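Everything on this sheet refers to the single structure shown next.
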Amino acid sequence: MAKGVKPRVKVPKTAAAGETITIKTLISHKMESGQRKDGDGNIIPRSIINRFTADFNGQNVIDVTLEPAISTNPYFQFEAVVPESGEFKFTWYDDDGSVYETSKKVAVE
Amino acid sequence: MSEVSRRTVLSLGSATLAITALAGVPAFASLTDDSIAAFTGGADVVDGGVELTAPEIAENGNTVPIEVSAPGAVAIIVLASGNPNPGVATFNFGPLSGSRSGSTRIRLAKTQDVVAVAKMEDGTFHKASANVKVTIGGCGG
């Protein structure tokens, strides 16, 4: 499932120093749970994103472990403190070893 | 996880579900208790101190929006007691985390209790649960 995976992230472009901002992330992924069966009754093997992390200038904000009970196209909303200008880095880890990354800059005024 | 062990876990899960359904006990299959124990290391879990927001009725069990928040938490684990596999997600909060909260969307197989257990900075554990009525289950099959 390395194809068609598109991460989308919403982060404010600017913030005050030390401000707490809300971040929303969404990534397109079918999150096959390993519970479903195909037309012949065979179990469709599990294929999910099992970990999501967000870092700001190398410091961790949140690190989420995902299980098959997370819905298709995993969505997360959380809050982060922005001490200075810098860059958020978001990383998703797939069961198949793929790693999806995206980053967003935030300027402190 | 290997194919065999997953199958074993799954069969265990459905067995527990069947027993729970027969006995008419709404909550806490043993698998959920096991998951909580694995998270807490056997420590006492106090009710309250965690906020778990979930809809009372979810029409579609495939995407149920939930939100957890616990001031002063270092980690929050979310469990769905009525799913074949109770684990849902574990939120670990880093040094730059704002309010210790997170929202996501989860799958629920049937009407059940969703449980959130938070590990606090002082090492204590807090718990909250919410009952969600599911109209259409979300585990495929």
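Among A:ILE27, A:ILE21, which is facing chain B (nearest Cβ under 8 Å) and either within 15 Å of A:PHE88 (Cβ to Cβ) or within 11 Å of the chain's Cα centre (by Cα) (or both)?
Values: A:ILE27 fails: facing chain B (nearest Cβ under 8 Å).
So the residue among A:ILE27, A:ILE21 that is facing chain B (nearest Cβ under 8 Å) and either within 15 Å of A:PHE88 (Cβ to Cβ) or within 11 Å of the chain's Cα centre (by Cα) (or both) is A:ILE21.
Which one is farthest from the other protein chains (Cβ to nearest Cβ) among residues in segment B:87-124 that are in contact (Cβ under 8 Å) with a residue 60 or more places away in the chain and open to solvent by 10 Å² or more (accessible area, probe 1.4 Å)? In this case the residue turns out to be B:THR124. Filtering segment A:80-103 to residues that are of a type in the set (S, T, N, Q) and either assigned to a loop (DSSP other than H, G, I, E, B) or under 20 Å from A:ARG46 (Cβ atoms) (or both) leaves A:SER85, A:SER98. Of the set (1) surrounded by fewer than 20 Cβ atoms within 10 Å (Cβ to Cβ); (2) part of a strand (DSSP E or B), all apply to A:VAL106 but (1). Filtering segment B:32-60 down to residues that are assigned to a strand (DSSP E or B) and within 24 Å of A:GLN77 (Cα to Cα), which residue is least open to solvent (accessible area, probe 1.4 Å)? Across segment B:32-60, the extreme among qualifying residues is B:ALA58. Using the structure shown, decide if B:VAL4 is surrounded by 12 or more Cβ atoms within 10 Å (Cβ to Cβ) and either under 26 Å from A:GLU79 (Cα atoms) or at pLDDT below 90 (or both). No; evaluated as a whole, the condition is false for this residue. Criterion first (in contact (Cβ under 8 Å) with a residue 60 or more places away in the chain, within 30 Å of A:VAL108 (Cα to Cα) and open to solvent by 10 Å² or more (accessible area, probe 1.4 Å)) does A:THR20 satisfy it? Yes.
Across segment A:46-60, the qualifying residues are those that are surrounded by fewer than 19 Cβ atoms within 10 Å (Cβ to Cβ) and not in a loop (DSSP other than H, G, I, E, B), and the one among them that is nearest to the other protein chains (Cβ to nearest Cβ) is A:ASN60.
In segment B:15-45, the qualifying residues are those that are of a type in the set (Val, Ile, Thr) and modelled with pLDDT of 90 or more, and the one that is nearest to B:LYS127 (Cα to Cα) is B:VAL45. Within segment A:61-109, the set of residues being farther than 12 Å from A:ILE49 by Cβ, at the interface with chain B (Cβ under 7 Å from one of its Cβ atoms) and of a type in the set (Gly, Ala, Ser) comprises A:ALA69, A:ALA80.
The values are calculated or read from the model by the stated rules, or taken from the named source; none is laboratory data. Bear in mind that the values here come from a model prediction, so they are computed numbers and not experimental data. Note that each Cβ is placed from the backbone with ideal geometry, even for glycine, and that neighbours are counted across all protein chains shown. Just the protein is used for accessible areas: all its heavy atoms, side chains included, with ligands, DNA and RNA removed. Shrake-Rupley method; radii C 1.70, N 1.55, O 1.52, S 1.80 Å.
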